[in-house]
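Trainee: Sending over a structure as structure tokens; questions will come in a sec.
The values are calculated or read from the model by the stated rules, or taken from the named source; none is laboratory data. Since the model is a prediction, treat every value here as computed from it, not as a measurement. Ideal geometry is used to build each Cβ from the backbone, glycine not excepted, and the neighbour counts take in all protein chains shown. Accessible surface is based on the protein model in full, side chains and every heavy atom, while ligands, DNA and RNA are left aside. Shrake-Rupley method; radii C 1.70, N 1.55, O 1.52, S 1.80 Å.
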Amino acid sequence: AYKFVARDFKHGSGEELLSEQGVLSGADIRELGHALMDKVYRKITGETSVFKSKIMFVSDRNSVTKKKVRETIKEIYIMDFDGANKKQLTHHRGIVMSPDISPDNTKLVYSLIDGGTGKRKNNNLYIFDMNTKKATMVSSRPGINSGAVFLPNGTEVILTLSHTGNAELWAMKLGPGELRRITNHFGIDVDPSVSVDANKISFLSNRPGKAMIYVADTDGTEKNVKRISFLGKFNATPRFANDGKEIVFSSWLDERFDIFRIGADGQNLSRLTKDFGSNEEPIYSNDGNFIAFTHKDLTGSRRNEQDIFIMDRDGELLGPLTHGYGICSSAKWTH
């Protein structure tokens, strides 16, 4: 055990920003450091910080090869915001996709293609309790049950379902499983993201003949659907910033993905990555100052390796969070 005293003062004025002391074990040092930095940041700025947040991601590191045949296994892992303390959360031994975490950080929602031997393997939706570590199937409708994201109330998700014959966005209550249709179009609508006030969603649709980003009201009227992206051969993974004013996404240009930022109204397009492999699945941190994303190396000995990287909101690269941890993807920040 260690006894600690932590004090921090504001430069210039000498104002005391932090004064704490106590006893902790060696295993708690990192957690304490993050908690103290969080308090100092909040004291100075009055805003939330990234220091206590964690990042979930998917990795295939447990995949196995039997008789020269590779069995792909993808599970969800979690790590500190700086890449330390990686831990495996799910143990399905199937293919887990598209995780999201509830606003109170107690539940995960994700899709799973199980490792069964039957010819038909459905894409089902699961909820994972972060406290009990138990997983429960919540939707097994025929076809797609995928891309679910929590609404701010924590009791509903918006996801893509195809049980009616076409891939559309639906809101689903997690308890009774009641459905409310969000989109109603002959195009394919997938990959929703919800603004923090729950009034707007962004999603991908092939309504113009290729996957582009649309913004719509969450009430399902289809009255205020607006296309906001016109970039590249197709787009992917649009994600709202916490303030709902911006959307970060990836676009296929020059035979690779790069990451862009755009206003929720379709204005002020900015490019964040260029000449740095292939980059996709961007997601804002809880404070809006950082973006985690999936990076694939396209050159040299690391060709086709895939890791989770982090950059600031203006595209300045801060470095990898995973390395040698399998093919990693689908990063999501805790709240």
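Trainee: Do you know which residues across the stretch 35-76 are touching a Phe, Trp or Tyr at 6+ places or on another chain (Cβ under 6 Å) and closer than 18 Å to residue 310 by Cα?
Mentor: Correct list: 49, 50, 53, 55, 57, 59.
Trainee: Got a sec? Which strands (runs of 3 or more DSSP E) wholly within the stretch 4-72 have at least 2 residues that are within 28 Å of residue 87 (Cα to Cα), in contact with an Asp or Glu (Cβ under 9 Å, 6 or more places away or on another chain) and among the β-branched types (Val, Ile, Thr)?
Mentor: So the answer is 54-59, 64-66.
Trainee: Go through (1) open to solvent by 60 Å² or more (accessible area, probe 1.4 Å); (2) outside any loop (DSSP other than H, G, I, E, B) one by one and return the number of the condition residue 268 breaks.
Mentor: (2)
Trainee: Now for a separate question. Across the stretch 275-290, which residue is nearest to the chain's Cα centre (by Cα) among those that are assigned to a loop (DSSP other than H, G, I, E, B) and closer than 14 Å to residue 47 by Cβ?
Mentor: 285
Trainee: Yes or no: residue 253 under 20 Å from residue 98 (Cα atoms) and of a type in the set (A, V, I, L, M)?
Mentor: Answer is no for this residue.
Trainee: Take the residues in the stretch 307-324 that are more than 29 Å from residue 42 (Cβ to Cβ) and out of contact with any Ser or Thr (no Cβ under 6 Å at 6 or more places or on another chain), then tell me which one is surrounded by the fewest Cβ atoms within 10 Å (Cβ to Cβ).
Mentor: Filtering first and then ranking leaves 324.
Trainee: State whether one or more residues within the stretch 101-112 are loosely packed, with under 14 Cβ neighbours inside 10 Å and more than 23 Å from residue 283 (Cα to Cα).
Mentor: No, because not a single residue in the stretch 101-112 is loosely packed, with under 14 Cβ neighbours inside 10 Å and more than 23 Å from residue 283 (Cα to Cα).
Here's the yes/no breakdown for (1) within 17 Å of the chain's Cα centre (by Cα); (2) closer than 22 Å to residue 206 by Cα:
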{"position": "224", "(1), (2)": "no, yes"}
{"position": "229", "(1), (2)": "no, yes"}
{"position": "238", "(1), (2)": "yes, yes"}
{"position": "244", "(1), (2)": "yes, no"}
{"position": "268", "(1), (2)": "no, no"}
{"position": "300", "(1), (2)": "no, no"}
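Trainee: Mind checking whether some residue in the stretch 218-232 is without any contact (Cβ under 8 Å) to a residue 60 or more places away in the chain, open to solvent by less than 20 Å² (accessible area, probe 1.4 Å) and part of a strand (DSSP E or B)?
Mentor: no
Trainee: Is it true that residue 80 is without any contact (Cβ under 8 Å) to a residue 60 or more places away in the chain, over 23 Å from residue 325 (Cα atoms), open to solvent by less than 30 Å² (accessible area, probe 1.4 Å) and not hydroxyl-bearing (Ser, Thr, Tyr)?
Mentor: no
Trainee: Of all residues in the stretch 12-36, how many are of a type in the set (Asp, Glu), closer than 16 Å to residue 54 by Cβ and modelled with pLDDT of 75 or more?
Mentor: Residues flagged as of a type in the set (Asp, Glu), closer than 16 Å to residue 54 by Cβ and modelled with pLDDT of 75 or more within the stretch 12-36 amount to 1.
Trainee: Scanning the stretch 40-62 for residues that are within 18 Å of residue 323 (Cβ to Cβ) and open to solvent by less than 20 Å² (accessible area, probe 1.4 Å), which turns out farthest from the chain's Cα centre (by Cα)?
Mentor: Across the stretch 40-62, the extreme among qualifying residues is 60.
Trainee: So which pairs qualify, if the first residue must be in the stretch 310-328 and within 20 Å of residue 54 (Cβ to Cβ), the second must be open to solvent by 60 Å² or more (accessible area, probe 1.4 Å) and part of a loop (DSSP other than H, G, I, E, B), the Cβ gap must be under 6 Å, and the two must be at least 6 apart or on different chains?
Mentor: Final answer for the pair search is 325/61; 326/61.
Trainee: Do you know which of the residues in the stretch 196-217 that are under 19 Å from residue 269 (Cβ atoms) and outside any strand (DSSP E or B) is most open to solvent (accessible area, probe 1.4 Å)?
Mentor: Checked the stretch 196-217; the qualifying residue most open to solvent (accessible area, probe 1.4 Å) is 210.
Trainee: Okay, moving on. Hey, which of the strands (runs of 3 or more DSSP E) in the stretch 89-151, taking only ones fully inside, have at least 1 residues that are under 17 Å from the mean Cα position of the chain (by Cα)?
Mentor: Output list reads 95-101, 107-113, 123-129, 145-150.
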